[in-house]
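*Asks:* One structure coming up, written as structure tokens, with questions to follow.
Please treat every number below as a calculation from the coordinates, not as lab data. Please read these numbers as outputs of a predicted model, since none were measured by experiment. Neighbour counts run over all protein chains shown; Cβ positions are idealised from the backbone, glycine included.
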Amino acid sequence: MVAPWAVVRKDKKNSIKHILNILIPFRSIYFIFYHYRGKNQNILLYGLKGIAAYADHAQILGQEDDKVYSFIHESLDALARNESSLEDWLNSVLKAGEINLKVMELLDTANTGKYGHPVPTKVPLGVKKGKAILVSGHDLKDIEDILKQSEGRGIYVYTHGEMLSCHGYPELKKYKRFYGHYGTAWQNQQKEFAEFPGAIVMTTNCIQKPVESYSDRIFTSGVVSWTGIQRISNGDCDIFSHSIGQASYLIFISHCDV
């Protein structure tokens, strides 16, 4: 029996999104690991998870390569069948490294083509008095959407975790209230989010169970979600529209105040 995540849909675009959305979420990888515990398979799965994440970001900004999608399809099929020899698994792992370099090139082309080439930038740490939004993850389009929508509203936008690099892109640097960086790495989010005096948007990143002190002021977008946590719908960081619901909108605005 072929596992459901290895089924290739006829509609290419929906098939690709189906696979990416299965590979990227943190909990899904545990399910796959449970069924495929061989070391060689696990190494390949780690590689696929990274490839899928990069491919998803690149696709959002219009960069794609069929070779990347073909490798993902073929690898998932091989994992589902579990009939490969040790040599075959090794070749697949080496191929994953090659494809990963390809997809990183795609992502770099997408990011620099849209936001310019990063330049060395001094980034303030901590927060200053005023309305605040903290953006965690590594989806540049999400933070661009937030910066655009928060213009003229007197709100400072801060990065967290992997978002730090966003401060170097010329097209993002131009936003006057793109202020600084708060906190450290994703694994420290529960303590750091609890201490941040504003609203929080979790983009493509590992989310930990939100604690009560900030559970009503954290929002998720894209493939990130948590039961009971409010989502920004349709994969768009449209934080100031009714797409997140009037109640959510009011909660969000109220928590932007320091």
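*Asks:* Provide R217, R153 in ascending order of the number of other Cβ atoms located within 10 Å of each residue's Cβ, fewest first.
*Replies:* Working: R217 20, R153 12.
Ascending number of Cβ neighbours within 10 Å: R153, R217.
*Asks:* Under 5 Å between amide hydrogens, which residues at least 5 positions from V135 or on another chain qualify, with H placed 1.01 Å from N in the peptide plane?
*Replies:* Sorted by chain and number, the residues that satisfy this are Y158, T159, H160, V201.
*Asks:* A follow-up question, please. Once each part is reduced to its C-alpha centroid, what is the distance from region 121-140 to region 78-96 in angstrom?
*Replies:* When both Cα centres are located, 42 Å separates them.
*Asks:* I would also like to ask the following. Work from the charge dipole of region 75-191 (Cβ charges, +1 for Lys and Arg, -1 for Asp and Glu, about the Cα centre) and give the residue of G180, N91, Y115 farthest towards its positive end.
*Replies:* Going by the charge dipole, the pick is G180.
*Asks:* Residue by residue through region 131-137, what is 3J(HN,Hα) from phi via Karplus (6.51 cos²θ - 1.76 cosθ + 1.60, θ = phi - 60°)? Round to whole Hz and write x for glycine and proline.
*Replies:* Once θ is set to phi - 60°, the couplings for region 131-137 become 5, 9, 10, 10, 10, 10, x Hz.
*Asks:* Using packing as a proxy for protection, rank 54-66, 117-129 so that the peptide with the highest average count of other Cβ atoms within 10 Å comes first.
*Replies:* Values: 54-66: 19.1, 117-129: 11.5.
By packing density, highest mean first, the sequence is 54-66, 117-129.
*Asks:* I would also like to ask the following. So how do C166, C206 line up by other beta-carbon neighbours within 10 Å, fewest first? If you can, show how the numbers build up before the last one.
*Replies:* Details: C166 26, C206 15.
So the ranking, lowest neighbour count to highest, is C206, C166.
*Asks:* Where the only charges are on Cβ atoms (+1 Lys, Arg; -1 Asp, Glu), what is the dipole of region 27-178 about its Cα centre, to the nearest 20 debye?
*Replies:* Numbers: 20 positive and 19 negative charges, 246 e Å.
It comes to approximately 1180 debye.
*Asks:* Turning to a different aspect of this structure: Within the set of other residues whose C-beta is less than 13 Å from the C-beta of T184, count the net charge using Lys and Arg as +1 and Asp and Glu as -1. Write out the running numbers ahead of the final one.
*Replies:* Details: positive: K191; negative: E162, E192, E195.
Summing Lys and Arg as +1 and Asp and Glu as -1 gives -2.
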